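The structure appears right after this line, and notes come after that.
The values are calculated or read from the model by the stated rules, or taken from the named source; none is laboratory data. Owing to the predicted nature of the structure, the values given are computational and were not obtained by experimental measurement. We place every Cβ from the backbone using ideal geometry, glycine too, and count neighbours over all the protein chains shown. These area figures cover heavy atoms from the full protein model, side chains too; ligands, DNA and RNA do not enter into them. Shrake-Rupley method; radii C 1.70, N 1.55, O 1.52, S 1.80 Å.
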Amino acid sequence: MTACQPDDEQPNASKEGVAVELVLLPDHSDDCCVVVSMNEEGRSIQALCEITAFDPDGELIFAGLVPGPPPGGRRSPFGGGMSGIHVPPGRHVYGHVDLPVDLTRDTYRSNCQIADWHGAPPL
């Protein structure tokens, strides 16, 4: 993996320790990636995670939520079982997600926001 940096520099970002990491598939195919969740908190958290990836020249090649919307649907930021991923404490393989990223040469950042609206969606 070339780079992985949680983006904790955003002013209103949660201080909860949640991130996702992209890992090459075991067969090192051109397919990307196995998504691994990392949760430093002592409780399970629902999180919305965005990956931003750049090629070696610094050009943006991907920016989006991981996982993306379900097939044939849209991801709702307002819950309903479609919002974000369940991140249990510790490090866990979430699964395979198709992304246009080559981990042998590209860099990326992950930024996870806690999807906990306390009964009301964000404005």
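Counting only residues that are part of a strand (DSSP E or B) and among the β-branched types (Val, Ile, Thr), which one in the range 82-99 is nearest to Asp31 (Cα to Cα)?
We begin by selecting, within the range 82-99, every residue part of a strand (DSSP E or B); these are 85-87, 90-96.
So of that shortlist, the ones also among the β-branched types (Val, Ile, Thr) come out as 85, 87, 93.
Numbers: Ile85: 21, Val87: 24, Val93: 16 Å.
That would be Val93.
I need the full set of residues from the range 16-37 which are open to solvent by 30 Å² or more (accessible area, probe 1.4 Å) and either farther than 17 Å from Thr52 by Cα or at pLDDT below 80 (or both), in order please.
Of everything in the range 16-37, those that are open to solvent by 30 Å² or more (accessible area, probe 1.4 Å) and either farther than 17 Å from Thr52 by Cα or at pLDDT below 80 (or both) turn out to be Glu16, Pro26, Asp27, His28, Ser29, Asp30, Asp31.
Between Pro100, Pro122, which is surrounded by fewer than 12 Cβ atoms within 10 Å (Cβ to Cβ) and at pLDDT 85 or above?
Answer to the selection: Pro100.
Any residue in the range 43-63 that is over 14 Å from Leu99 (Cα atoms) and of a type in the set (A, V, I, L, M, F, W, C) sitting within a Cβ distance under 6 Å of a residue that is open to solvent by less than 60 Å² (accessible area, probe 1.4 Å) and not in a strand (DSSP E or B)? List the pairs, counting only those 6 or more apart or interchain.
If the second residue must be open to solvent by less than 60 Å² (accessible area, probe 1.4 Å) and not in a strand (DSSP E or B), the pairs left are Ala47/Gly84; Ala47/Ala115; Leu48/Gly84; Leu48/Ala115.
What pairs come up if the first residue lies in the range 100-114 and is in contact (Cβ under 8 Å) with a residue 12 or more places away in the chain and outside any strand (DSSP E or B), the second is open to solvent by 20 Å² or more (accessible area, probe 1.4 Å) and of a type in the set (Ser, Thr, Tyr), and their beta carbons are under 8 Å apart, counting only those six or more places apart or on different chains?
Leu103/Thr2; Thr104/Thr2; Arg105/Thr2; Asp106/Thr2
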